1. From the set of residues in the range 85-144 that are within 21 Å of residue 219 (Cα to Cα) and among the small types (Gly, Ala, Ser), which is least open to solvent (accessible area, probe 1.4 Å)?
2. Give the range 59-77 a look and list any residue that's among the hydroxyl-bearing types (Ser, Thr, Tyr) and in a helix (DSSP H, G or I), or say none.
3. In the range 194-209, which residues are closer than 21 Å to residue 131 by Cα and either open to solvent by 10 Å² or more (accessible area, probe 1.4 Å) or part of a loop (DSSP other than H, G, I, E, B) (or both)?
4. Spot the failing condition for residue 165; the list is (1) more than 13 Å from the chain's Cα centre (by Cα); (2) under 30 Å from residue 236 (Cβ atoms); (3) crowded, with 16+ Cβ neighbours inside 10 Å, and only one is missed.
5. I need the full set of residues from the range 210-230 which are among the small types (Gly, Ala, Ser) and buried (at least 21 other Cβ atoms within 10 Å of the Cβ), in order please.
6. Looking only at the range 193-233, filter to residues that are under 18 Å from residue 267 (Cβ atoms) and β-branched (Val, Ile, Thr); which one of those is farthest from the chain's Cα centre (by Cα)?
7. Would you tally the residues in the range 56-99 being under 23 Å from the mean Cα position of the chain (by Cα), within 19 Å of residue 122 (Cα to Cα) and of a type in the set (D, E, K, R)?
Amino acid sequence: MATNKIVRRVQLTGGSTFIVSIPKEWAEKMNIDKGSLVVLSLESDGSIRLFPSTKRPEPLASTEIRVKKGMSQGSVLREIMSKYLTGYKTIKVVFPSEDLEFKKAIRDIITRKLIGVEILHEDSREMVLQILVNVEDLPISSILMKMLDVSLSMLSDVRLALENNEKILPSDISSRDDIIDKLYLYGLRQLHTGLRGIISLEEIGLQRPHEVLHYAMVLKNLERIGDHAVSIALTIEELKDKKGIAKDLVALSDKTAQFVKAALSAFMGRDKDTANKLLDVDAVEIKSFENEIFRKLSQEHPEEVSTIRSIIGSYRRILEYGADILETTIDMQNE
């Protein structure tokens, strides 16, 4: 077919039935003939999706990435990530020469960042990746809740470290950040698969096609919240006097964590009224509290002002990402 947009005139038959013809090229491609059954899915936005009753688009089976000489690790990884997000089940990576260190770095990052990826074959010049997980195994709502849970667990550890004047293990924090990144990429893969019609949007927990964009935005917000939770956890280790600063930062941590948790709850419940209240009241109060404790701690601990500013700045960014989730909630309900 030369174009993706085809205009058809609505006809009236039998005095009461409206009919529209379907393109012959599409019918042949889908193996539709006289007597075949098709399904009309009536979407809540007024559109209609048409597909054969017994056939959905096939999952993308396999693809190949040929690494050119001089390509950086980052560019190769971005190619692999792109194929993963697109929905391919098998990704073959062909290298121009034997480079064990290069391949090891690629392998380590794939293992840390992608859910359900197994290396089925590897030799000096190629690596074959198989994606074994099915998108319907973990609904998008569960992905969002798990991402939030991991982020809040990092903030909780920060709280305990401040209260008890304890150290935080950087390796523990970074490993949990890897979990968040895995869930983020897996969530994007789900949304792409739903858009292509390989599985229905309802199967991944969405009601309307335009919600894909909103869920993608919330996934990104939660991924960034995780990044700032890591930043806070690592930065508090620079404080020389945790005990003297702990009380105010613990209070800020609690308020911020509660706000983000409430924001995601409003989004999941599609609760526009709660979203507006959180933005109009709670977000304003927390910003005021942030400013207040920064002034106080800067005066009481002038030697720590740079570190304090960095920590409070990360809490402010987490608050802003929570506010973005609330605004997305409102936008989604207004469409």
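The values are calculated or read from the model by the stated rules, or taken from the named source; none is laboratory data. This structure is a prediction, so every number in the text was calculated from the model and none was measured. Glycine gets a Cβ as well: all are built from the backbone with ideal geometry, and neighbour counts include every protein chain shown. Side chains included, ligands, DNA and RNA excluded: accessible areas come from the protein's heavy atoms. Shrake-Rupley method; radii C 1.70, N 1.55, O 1.52, S 1.80 Å.
1. My answer is 87.
2. Listed by number, the list holds a single entry, 75.
3. 195, 196, 197, 198, 199, 200, 203
4. With respect to (1) more than 13 Å from the chain's Cα centre (by Cα); (2) under 30 Å from residue 236 (Cβ atoms); (3) crowded, with 16+ Cβ neighbours inside 10 Å, residue 165 is out only on (3).
5. First pass over the range 210-230, keeping only residues among the small types (Gly, Ala, Ser): 216, 226, 229.
Scanning the range 210-230 gives 226, 229.
6. 204
7. 3
Yes/no per residue for (1) closer than 11 Å to residue 315 by Cβ; (2) open to solvent by less than 10 Å² (accessible area, probe 1.4 Å):
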| residue | (1), (2) |
| --- | --- |
| 249 | yes, yes |
| 256 | yes, yes |
| 264 | no, yes |
| 272 | no, no |
| 276 | no, no |
| 295 | no, no |
